[in-house]
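For reference, the structure is listed below as structure tokens.
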Amino acid sequence: MKITALAGGVGGSKLAQGLSEILAPDDLNIVVNTGDDFRFFGLYISPDIDTVTYTLANLSNPVTGWGVREDTFNTFETLKRNGSPAWFMLGDKDLATHMERTRQLADGKTLTEVCRYFNKAWQVKHPILPMTNDAVPTIIDTIEMGKLPFQEYFAKHHCEPTIKQVVFQGMENAKASPEVLETLQACDVVVICPSNPLLSIDPILSLPQVKDILRNKYVVAVSPIIGGKAVKGPLAKMYAEKGIDPTPYTIAEHYKDFLKCIFIDTQDENVGKDIQQSGIIFQSTDIMMPDLANRKRLAQNIINYLETI
């Protein structure tokens, strides 16, 4: 069974890691959001790709879920002392990644080629594919501060401004990479990881051809909402500001155009009937993934279910 996972952020990286521990190298590809990408001090930074790649390479910081394990922050602290912009934390080891990525991009490599380089360098056995080689920065239109680049909304202003709209700038001229279209066409199943639908998954789905392919695939999602709260990140707050009830049913409805099944937490079984009435199957289990054992457990649960369809 060949699976393509759609992922972004810490939640996406956790399930991607669980799947990678079980599936053979040829049986899993991971397509990652690049809407968060931006430049800081002239460096090209790709937060979701780095989080997923560090996690699968067993390099990620287990406390934060992002960044590099046992990193130091001497450069960051010096920037702060100098009065330089220091609202985005960059570790010293992490900086080496951004420097090398920026160098290769300046030499004419595509983002896909750069990701392939790091996969090989860090011995990541499953391909990690940026959704596109084009620039499609996520912009958060807010009530208090107008339009903010995503990382300013997220890291600089800590998601405090009230959201009006999410815009994927340049999407009208963007296209999914050939590698992404190929893996989506060739796979048997698409698994949408428990990433923020509005910020991490919608950019992937907004690329031409992606939704059309998914309508002809068996698509499974894992809810990023448990008990009315986002496991991590601003999703529940964003839903509340848009007047939407943050439940797994909301997640299922968000993907209803192509979703066949959604995994929800046992404490949310009360919304299972509503999900079923919308024509989507639900599976109830413990979907929290605090450690590798639980990531593998949930990944195995998903694979066991898929083997029954």
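The values are calculated or read from the model by the stated rules, or taken from the named source; none is laboratory data. Nothing here was measured: the structure is a model prediction, and the numbers come from that model. A quick note on method: Cβ atoms are made from the backbone with ideal geometry, for glycine too, and the neighbour counts reach across all protein chains shown. Protein only, heavy atoms only, side chains kept; ligands, DNA and RNA dropped before computing areas. Shrake-Rupley method; radii C 1.70, N 1.55, O 1.52, S 1.80 Å.
One table, with the values for the structure above:
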quantity	calculated
Among (1) within 30 Å of ILE303 (Cβ to Cβ); (2) touching a Phe, Trp or Tyr at 6+ places or on another chain (Cβ under 6 Å), the one test that LYS156 misses	(1)
Residue that is most open to solvent (accessible area, probe 1.4 Å), among those in the range 139-151 that are within 19 Å of ASP37 (Cβ to Cβ) and without any contact (Cβ under 8 Å) to a residue 24 or more places away in the chain	LYS147
Pair list, Cβ under 7 Å, 6 or more apart: the range 262-279 residue within 11 Å of THR247 (Cα to Cα), other residue of a type in the set (D, E, K, R) and open to solvent by 10 Å² or more (accessible area, probe 1.4 Å)	ASP265/ASP286
Condition check for ASN119: under 19 Å from GLY8 (Cβ atoms), touching a helix residue (DSSP H, G or I) at 6+ places or on another chain (Cβ under 6 Å) and open to solvent by 10 Å² or more (accessible area, probe 1.4 Å)	no
Tabulated pairs, the range 113-133, first assigned to a helix (DSSP H, G or I), second open to solvent by less than 10 Å² (accessible area, probe 1.4 Å) and basic (Lys, Arg), C-beta under 8 angstrom, 6+ apart or interchain	VAL114/ARG101; PHE118/ARG101
